[in-house]
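What follows is calculated from the coordinates using simple rules that are stated; it is not laboratory data. Because the structure is a prediction, the values reported are computed rather than measured.
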Amino acid sequence: MVVAKPAGLVQVERVRCLECGVSYLKPCGGGITQRNPGCPRCGYVGWISAFVPVGGEPRRKRSGGDALLHLPRR
């Protein structure tokens with residue numbers, strides 16, 4: 001048996017902003033920016049479930065692939 005979702009009901013999930021770390025509610029299921037805005041504090045659209053534990057190491061702003069090259073002086 002399939003149960004229909006009542007019209008106008010929006011499912012939400014608690015997420016954490018990957019930029020500033022604030023926890024907020026986000027509509028589930030994706031969508032365009034108007035329906036699924038970014039972080040209310042900083043506007044960043046990257047997020048992770050708030051139920052994922054925060055790691056012990058500080059988050060790196062750059063990937064290892066973006067590491068700066070230190071060339072020897074001539």
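Can you work out ³J(HN,Hα) from phi for every residue in the stretch 13-23, in order, using Karplus 6.51 cos²θ - 1.76 cosθ + 1.60 and θ = phi - 60°, giving whole Hz and x for Gly and Pro?
Per residue, the Karplus-derived 3J(HN,Hα) values read 9, 8, 10, 10, 5, 6, 8, 10, x, 5, 9 Hz.
Any chance you could run the full-extension gain for residue 12 through residue 73? It's 0.36 nm times the residue separation minus the Cα-Cα distance, nm to one decimal. Each step should come with its number before you reach the end.
On the way: separation 61, 0.36 × 61 = 21.96 nm, distance 5.50 nm.
Residue separation times 0.36 nm, minus the Cα-Cα distance, leaves 16.5 nm.
Under the rule of at least 5 residues apart or a separate chain, name every residue whose amide H is placed under 5 Å from the amide H of residue 47.
Under 5 Å from the amide H of residue 47: 18.
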